[in-house]
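The next block holds one structure in the form of structure tokens; read it before the comments.
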Amino acid sequence: MEQTTADWGGLGEYVNLLNLEGIEFRKYQYNIIKAITEKGNTLVVLPTGLGKTLIGAALIAKAIYEGKRALFLAPTKPLTEQHFSTLKKLLKVPGEDIALLTGSVRKKDRLETEAHAKVIVATPQTVANDLRSGELSLLGFGVAIFDECHHAIGKYAYTYIANELAARGVLIVGLTASPGSKPEKVMELVNALNIRHIEARTSMDEDVKEYVMPKYLHTVSVELSEQIKHVAELVKTVGEESLASLRQQGFANFKSIDSIPKGRLIELGNELKKISAPGYRFGLFFSYVKLLHAVHAYDLLVTEGLYPFVAYLDSLDKREVKSRAVKSFLQNKNIRQALNEAKRLMEIGEEHPKVDATLKILADYKKKACIVFAQYRSTIKMLVEKFNQNGFLARAFVGKKEGVTQEQQKQTIEDFRSGKFNILVASSIGEEGLDIPSVDVVVFYEPIPNEIRNIQRRGRTGRFRAGDIFILLTRNTKDEIYFFVSRSREKKTAALLMNVESKLESMQKGQTKLVV
């Protein structure tokens, strides 16, 4: 649809500061902007790819029109760079009035820019540091946009900045595809950003659905081979022995290692740390460490593959300093047998059935743009090698923790965009914010129970045309549990937001925090 500023006329003359040429008018964006200007600090929940940045740009244009300044925050440097570039295109203001500030900018230059720029696009830690030192004043700011605002919990810099802004009456707008499904987390987010109103949309809402391309979800279940099952049983035996030892002492009341949630396992470790008796605590930790490694090794084997399993055990063995528990785990006869058997199977070409399942999916989408998401670097390495060996063009996309620079990340995305390869095998770095082009297919090598990350992954397809999403599940493993957990959590989010919005509306005047 041809865009005219007349379409936005109900918002005010400030829309003339927006460059809307070639941008489709969307009623839900208009409705959300209007609601924010009327109701104040707002949490905007909008599916990935539906133009949250344009909403932020319109509010910035309003602030500039009123003679005020604006702040646009994003959690990572690449994301701030992306928003900086977008805002320069969307806002009809001199280029020098829009500044990009990250930790890589020299302090002297940064402070000079902060003092004069009308629009500051920055990472939160950079702004927080300058606020704490008193070298950045929020005087004259009219609006602050918090992108990926679900990060605004705990001691994250977003929280500190939001409190400083609220104290000065600056309009705060949080943007996210999902705030999560846990009431306590949503409440924490609402309070941290001093939110007074929620504007939430799903793909089925009346003013949104006409702009949403269809996404087709497919689940692909696979069965482990008898050989891999045998290796898994060897590992499971070791884990069950450690679990039984802890259970006898009144801890770790789980039926089996294949039913222990990772979060609960971490909580167990924190409980054991609180035990005051050193000798008693040491004995429990000895069993706990062996259980921890057995569970992780087992999960890698049954949900990821032989290569990730072997790589993990090899990484433990290569540690320069190993605890007695780790040494005991590695020297266990069942672990040694499992490792040797896994290596033998790899030598004869055996691998997790998910690999063949993924290859079959990709074969149906030859030359189409695809993203395969996987949790672990070892899995990503294995998949890239398998894909390329089978005639596909694939590359890994991982984060700085894996030794990849931001420049290398940018180059990978640019090569993907230009068609030098068509399969991006990505870790969680590919989920949030980065300017990755829309793809035809998204493959979840494994399901994840986090509803925010699920929404972000799925949002990589179906932006401009219909897209397909495949989720791979290994039968009778945590894959199936995590799949149903994530679906359940997503369903809870919409109802939760309605409940919070209702409570916000009924808050008594003068109350500064939401009490539930």
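When a/c reaches 1.5 or more, the comparison of a/b and b/c decides; with that in mind, is segment 226-347 rounded, prolate or oblate per its Cα gyration tensor? Taking the square roots of the gyration eigenvalues as a ≥ b ≥ c, segment 226-347 is prolate. Given their separation in residues at 0.36 nm each and the Cα-Cα distance between them, A115 and N499 gain 134.1 nm when the chain is fully extended. When the chain is described by a simple charge dipole with +1 on each Lys and Arg Cβ and -1 on each Asp and Glu Cβ, the residue from V208, P261, N450 located farthest towards its positive end is P261.
Relative to one another, the C-alpha centroids of segment 132-207 and segment 363-433 are positioned 32 Å apart.
Which FRET efficiency value, to the nearest 0.05, do you get for K360 and Y216 by plugging their Cβ-Cβ distance into 1/(1 + (r/R0)^6) with R0 = 22 Å? Before the final figure, lay out each step's value.
Values: r = 16 Å, r/R0 = 0.75.
Rounded to the nearest 0.05, the efficiency is 0.85.
Counting only alpha carbon atoms, the long axis of helix 353-363 and the longest principal axis of the chain meet at about 40°. Annotation: for a label point projected 7 angstrom from Cα along Cα→Cβ of A167, residues of segment 30-67 with backbone N closer than 20 Å are 41. Applying the Karplus relation 6.51 cos²θ - 1.76 cosθ + 1.60 with θ = phi - 60° to segment 465-477 yields 3J(HN,Hα) values of 7, 4, x, 10, 10, 10, 10, 8, 10, 8, 4, 6, 9 Hz, where x marks Gly and Pro. A full extension of the chain between E96 and F484 corresponds to an added length of 134.7 nm, given 0.36 nm per residue minus the alpha carbon distance.
Between S133 and R336, full extension at 0.36 nm per residue minus the direct alpha carbon distance yields a gain of 67.5 nm. Placing unit charges on each Cβ (+1 for Lys and Arg, -1 for Asp and Glu) gives the chain a dipole about its Cα centre, and among L393, A70, Q227 the Cα reaching farthest toward its positive end belongs to Q227.
Counting pairs of alpha carbon atoms under 8 Å apart in space and at least six apart in sequence, what relative contact order in percent does the chain give? This gives 16 percent for the chain. For K27 and K491, the FRET efficiency from 1/(1 + (r/R0)^6), where r spans their Cβ atoms and R0 equals 30 Å, is about 0.70. Seen against the Cα atoms of the chain and their longest principal axis, helix 278-303 is set at about 80 degrees. The lysines within cross-link reach of K255, meaning a Cα-to-Cα straight distance under 20 Å and a gap of 8 or more places when in the same chain, are K229, K236, K290, K478. Charge dipole (Cα centre; +1 on Lys/Arg Cβ, -1 on Asp/Glu Cβ; no other charges) of segment 5-209 amounts to roughly 280 debye. Spin-label model, N16/K229: points 7 Å from Cα along the beta carbon direction are separated by 7.4 nm.
Can you tell me, using C-alpha contacts under 8 Å and at least 6 residues apart, the relative contact order of segment 226-347 as a whole percent?
37
Straight distance only, please: which lysines reach the Cα of K381 with their own Cα at less than 20 Å, same-chain residues fewer than 8 apart left out? List returned: K318, K343, K354, K360, K400, K401, K410, K420. For the pair R106 and Q389, label points projected 7 Å from Cα toward Cβ lie 5.1 nm apart.
Starting from the Cα gyration tensor of segment 5-209, take the square roots of the eigenvalues, sort them a ≥ b ≥ c, and report rounded, prolate or oblate (rounded when a/c is under 1.5, otherwise prolate if a/b is larger than b/c, else oblate). Here segment 5-209 falls in the oblate category. Close amide-amide hydrogen proximity is noted between T474 and V222, D479, E480, each under 5 Å apart and 5 or more residues distant or on a separate chain (H modeled in the peptide plane; Pro and chain starts excluded). Annotation: the residues Y288, Y28, sorted from fewest to most other C-beta atoms within 10 Å of their own C-beta, follow the order Y28, Y288. Set against the labelled values (i) 164; (ii) 177; (iii) 154, volume of the Cα convex hull per residue in Å³ computed from this structure falls on (ii).
Please compute the contact order of segment 5-209 in relative form: average sequence separation of alpha-carbon pairs under 8 Å and at least six residues apart, divided by the residue count, as a percent.
29
For segment 342-436, a/c is not less than 1.5, where a ≥ b ≥ c are the root eigenvalues of the C-alpha gyration tensor, and a/b does not top b/c. That puts it in the oblate class. Given +1 at the Cβ of Lys and Arg, -1 at the Cβ of Asp and Glu and no other charges, the dipole of segment 352-489 around its Cα centre is 100 debye to the nearest 20.
Annotation for R344 and K88: the two label points, set 7 Å from Cα along the Cα-Cβ direction, are 6.1 nm apart. Given R0 = 51 Å, the distance between the Cβ atoms of K401 and Y65 translates into a calculated FRET efficiency of 0.75. As a proxy for reagent exposure, ranking H218, H296 by other Cβ atoms within 10 Å from fewest up yields H218, H296. Listed by chain and number, the aspartates and glutamates placed with their C-alpha closer than 12 angstrom to that of K108 are D130, E135; residues fewer than eight positions away on the same chain are left out.
Give, rounded to the nearest 20 debye, the magnitude of the charge dipole that the chain has about its Cα centre when Lys and Arg contribute +1 at Cβ and Asp and Glu contribute -1 at Cβ. Can you show the working numbers first?
Values: 74 positive and 61 negative charges, 229 e Å.
Dipole about the Cα centre, nearest 20: 1100 debye.
Bear in mind these aren't lab numbers, they're just calculated from the coordinates by the rules spelled out. What you see is a predicted model; the values in this text were computed from it and never measured. Quick reminder, even Gly has a Cβ in these numbers, built from the backbone with ideal geometry, and neighbours come from all protein chains shown.
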